[in-house]
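The values are calculated or read from the model by the stated rules, or taken from the named source; none is laboratory data. Values in this document were obtained by computation on a predicted structure and should not be read as measured data. Cβ placement follows ideal geometry from the backbone for every residue including glycine, while neighbour counts extend to all protein chains displayed.
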Amino acid sequence: MRRIYMFRIILTCLGLLLPMAPLYADPLVRAEGLIRDGNPVAALAQLEGYQPVTEPAKERAFWALALTHMKLGQPNAALPFLEQLVARTPRRAEYRLELAAALGQLGQSERALYHIEIARSSGLPPAVDQRVAAYAKQLENPKIFSGHFSFAVVPETNAGKRTSATEVELFGLPFVINPDARARPATGLEIGVGGVASPQLAPGLRAQLGFSTQLRLFDGDAPDEVHGRLYAGLIHGHLETGQSMAQVFATRRMLDDRHYAHSTGITLEHARRLTPSTRINGTLLYEHTTYRTGADVQRRFAAIGVTHLVNPQLELSFGVRTELRDTAIARLAGRLDGIRVGGQYRFEGGLQLGIIVDYERNRFDGITPLFGVVRSDKRTMARVEMSNSQWNWKGFSPVLRLTAERQSSTIVVNEFRNLGASFGITRRF
């Protein structure tokens, strides 16, 4: 009887211990415990070679690896795990905040601020939101030099934005439009490059000195275009309390290797965060443009826009703008008014889809002599943009854009339609 009693005690103990055995055998559980105990070196040793079987285990393993590398001061090693976590579950604020911390340590302030803004839209606890806002303010003082590069293939049905009409009526008589002046498809390359130096002059005050160049090179069925811009300015303040910028600039535009226009001007901008999820910005601009024909045009421009993050996955935007043109040539003077609405949705898995719809009305003051009417254009544009945060090669991210554009006019030769696509890569550094 005594042996049977002891045997039952042993079986009971085993029954209690066996369910706990997997906990001690699972390297992921041990690693998570070591991370909590502040021992990232031992945690990393547990995770080396670990192969999670289920999706929840994979998510926990990525998070453990990311935290381990961050605690070891290795943000570059943590980055791919954090990017995959954010792509898989875009609503998890803690993943985005840790990703922002890694990007901030790597000097990628713009990307870090982008993820902080999305994370704050999820409704962080007040104490956490206050600390995150303070960190964002530190990130708004970027590295001294930054730049960007983009490259894309751009097939379009009417890259030159020419009329589809075959003839036009002048003085009551029909005239055939030269085929070379009509709409035709073209495929080209679009290249963009730019850089800016932003040294800090005082707390909350930075200088700016930069350049940007945009090239659109086609196969002969549309004009090649080169647009260059130089600028210098000052930036004061932070988004939380209001950030202002004043900038002077000079531009030059060339068509088919010939000078087309050059301009100088000044821009004033102000942006601030109304709530953790809502941002407003306004722009005032004055520009004096001289065309190769000798025409001088003075342009005054004003715009205001609002961006609102409904949740970490959905972002909405709205903007209006107006432009006044003054010149001695009445048929070039006039007014443009426009409105833009847009949205972006971040799907689980990394896919990001953005849509923009833009409408503008451009009215000219004087009568166009050849046609005997006042020109008035109405233009509508819709664009869809797709990217995936998990697709990245050495910092280059692919982007696909699809565009549909239509302009109606009181003058037939100024009417056009265009469908275009752009598939390329972009990188900020």
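So here's what we get for this one:
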| quantity | calculated |
| --- | --- |
| Condition check for F364: without any contact (Cβ under 8 Å) to a residue 40 or more places away in the chain, of a type in the set (F, W, Y) and surrounded by 15 or more Cβ atoms within 10 Å (Cβ to Cβ) | yes |
| Residue ranges of strands (runs of 3 or more DSSP E) in segment 327-405 with at least 2 members closer than 17 Å to E415 by Cβ | 351-368, 373-388 |
| Any hit, segment 325-335, residues being out of contact with any His (no Cβ under 9 Å at 6 or more places or on another chain), closer than 26 Å to V384 by Cβ and in the same structural domain as R300 (by TED's automatic domain parsing) | no |
| Qualifying residue in segment 365-383 (condition: under 20 Å from T307 (Cβ atoms), touching a Ser or Thr at 6+ places or on another chain (Cβ under 6 Å), hydroxyl-bearing (S, T, Y) and modelled with pLDDT of 90 or more) | no |
| Residue in segment 146-156 that is charged (D, E, K, R), in contact (Cβ under 8 Å) with a residue 12 or more places away in the chain and surrounded by 13 or more Cβ atoms within 10 Å (Cβ to Cβ) present | yes |
| Selection from segment 38-64 of residues that are more than 20 Å from E83 (Cα to Cα) and outside any loop (DSSP other than H, G, I, E, B) | P40, V41, A42, A43, A45, Q46 |
| I177, sole failed condition from (1) within 20 Å of G104 (Cα to Cα); (2) hydrophobic (A, V, I, L, M, F, W, C); (3) modelled with pLDDT under 85 | (1) |
| Residues being of a type in the set (A, V, I, L, M, F, W, C) and surrounded by 15 or more Cβ atoms within 10 Å (Cβ to Cβ) - total across segment 269-279 | 1 |
| Qualifying positions in segment 56-82 - over 17 Å from R30 (Cα atoms) and hydrophobic (A, V, I, L, M, F, W, C) | M70, L72, A77, A78, L79, F81, L82 |
| Residue in segment 21-37 that is out of contact with any Pro (no Cβ under 6 Å at 6 or more places or on another chain) and either part of a loop (DSSP other than H, G, I, E, B) or modelled with pLDDT of 90 or more (or both) present | yes |
| Segment 406-423: number of residues that are part of a strand (DSSP E or B) and either touching a Ser or Thr at 6+ places or on another chain (Cβ under 6 Å) or in contact (Cβ under 8 Å) with a residue 60 or more places away in the chain (or both) | 10 |
| Any chance A134 is modelled with pLDDT under 85, outside the structural domain of G343 (by TED's automatic domain parsing) and in a helix (DSSP H, G or I) | yes |
| Residue selected from segment 291-309 under the condition among the polar types (S, T, N, Q) and surrounded by 14 or more Cβ atoms within 10 Å (Cβ to Cβ), by the criterion farthest from S122 (Cα to Cα) | Q298 |
| Residue in segment 330-350 that is farthest from L284 (Cα to Cα), counting only those that are of a type in the set (A, V, I, L, M, F, W, C) and crowded, with 16+ Cβ neighbours inside 10 Å | L332 |
| Search result, residues across segment 281-290 that are among the β-branched types (V, I, T) and either surrounded by 17 or more Cβ atoms within 10 Å (Cβ to Cβ) or outside any strand (DSSP E or B) (or both) | T283, T289 |
| Residue in segment 194-205 that is in a strand (DSSP E or B) and either touching a residue at least 60 places away in the same chain (Cβ under 8 Å) or under 25 Å from E415 (Cα atoms) (or both) present | no |
| Residue that is nearest to R162 (Cα to Cα), among those in segment 413-429 that are modelled with pLDDT of 95 or more and aliphatic (A, V, I, L, M) | L419 |
